[in-house]
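Beneath this line is the structure, given in structure tokens, with notes to follow.
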């Protein structure tokens, strides 16, 4: 199976091609941290990883994208690219949430929790995006948009570690409740490489791949001129 995975949901832009047979796996990936510019960076990355994998877009079987939560604009970029490429290539589509991809990325980065762990991302306005996972990275709960204090109240008794740039806030809220939790991997981002692995394991297309927004956009349409008079 040839899988193209795309992520632009948060503070990085990445693309990966995973070529898998019954006996081999070849992964080609590019990732760059960036606050903005995902739309301009993504397609050149796609072209480069396809060239490294020595395949054409028409050889793809599955195209995967992170669906959010994350940046309102960023989430849409990878999904729009995946949909467009799937339309042209006839490849199937797969999508999953950004926090589940981060949970897999944490394990690829060497995290070996002895029990459940949390993925916590700063959602601004004193809120977190929260996901809870077992030691294998399988989802227990989330994604949620939640205050650090409410998040601390949801943590399983055996949870001892949190990852992501919101992990420290979660740890502080847990400490206020008498819980000790370690913060690790504060710069963790979703990655296309982790997404490609998940897509291969799931082995099935998603019925619908659309953005997962846990809050409305900050920008609001202006009232028509006549209404303002």
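Can you spot a residue in region 110-118 that is under 16 Å from the mean Cα position of the chain (by Cα), surrounded by 12 or more Cβ atoms within 10 Å (Cβ to Cβ) and either closer than 16 Å to residue 68 by Cα or modelled with pLDDT under 95 (or both)?
Scanning region 110-118 turns up no residue that is under 16 Å from the mean Cα position of the chain (by Cα), surrounded by 12 or more Cβ atoms within 10 Å (Cβ to Cβ) and either closer than 16 Å to residue 68 by Cα or modelled with pLDDT under 95 (or both).
Which is under 13 Å from the mean Cα position of the chain (by Cα) and not assigned by TED's automatic domain parsing to the domain that holds residue 10, of 123, 151, 106?
106
So is residue 74 at pLDDT 95 or above, touching a helix residue (DSSP H, G or I) at 6+ places or on another chain (Cβ under 9 Å), within 22 Å of residue 211 (Cα to Cα) and assigned to a helix (DSSP H, G or I) or not?
Yes; evaluated as a whole, the condition is true for this residue.
Can you list the strands (runs of 3 or more DSSP E) lying wholly within region 1-58 that have 3 or more residues being at pLDDT 95 or above and under 19 Å from residue 97 (Cα atoms)?
2-7, 12-20
Rundown of residues vs (1) farther than 19 Å from residue 212 by Cβ; (2) surrounded by 23 or more Cβ atoms within 10 Å (Cβ to Cβ); (3) in contact with a helix residue (DSSP H, G or I) (Cβ under 9 Å, 6 or more places away or on another chain); (4) not assigned by TED's automatic domain parsing to the domain that holds residue 117, yes/no style:
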{"position": "44", "(1), (2), (3), (4)": "yes, no, no, yes"}
{"position": "55", "(1), (2), (3), (4)": "yes, no, no, yes"}
{"position": "59", "(1), (2), (3), (4)": "yes, no, yes, yes"}
{"position": "63", "(1), (2), (3), (4)": "no, yes, yes, yes"}
{"position": "70", "(1), (2), (3), (4)": "no, yes, yes, yes"}
{"position": "78", "(1), (2), (3), (4)": "no, yes, yes, yes"}
{"position": "81", "(1), (2), (3), (4)": "no, no, yes, yes"}
{"position": "91", "(1), (2), (3), (4)": "yes, no, yes, yes"}
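Within region 145-161, does at least one residue satisfy the condition of being buried (at least 22 other Cβ atoms within 10 Å of the Cβ) and in a strand (DSSP E or B)?
For region 145-161, residues buried (at least 22 other Cβ atoms within 10 Å of the Cβ) and in a strand (DSSP E or B): absent.
Could you tell me whether residue 131 is at positive phi, surrounded by 15 or more Cβ atoms within 10 Å (Cβ to Cβ) and outside the structural domain of residue 28 (by TED's automatic domain parsing)?
Criteria not met by residue 131.
Can you pull out every residue in region 28-40 that is over 17 Å from the mean Cα position of the chain (by Cα) and either in contact (Cβ under 8 Å) with a residue 40 or more places away in the chain or under 13 Å from residue 73 (Cβ atoms) (or both)?
Across region 28-40, the qualifying residues are 37, 40.
Restricting to region 169-194, name every residue that is in a helix (DSSP H, G or I) and touching a residue at least 60 places away in the same chain (Cβ under 8 Å).
192, 193, 194
Just give me the residues in region 1-41 being surrounded by 21 or more Cβ atoms within 10 Å (Cβ to Cβ) and out of contact with any strand residue (DSSP E or B) (no Cβ under 6 Å at 6 or more places or on another chain), in sequence order.
Those that are surrounded by 21 or more Cβ atoms within 10 Å (Cβ to Cβ) and out of contact with any strand residue (DSSP E or B) (no Cβ under 6 Å at 6 or more places or on another chain): 8, 10.
The values are calculated or read from the model by the stated rules, or taken from the named source; none is laboratory data. Not measured: the values here are computed from a predicted model. With ideal geometry, Cβ positions are generated from the backbone for all residues, glycine too; neighbour counts draw on all protein chains shown.
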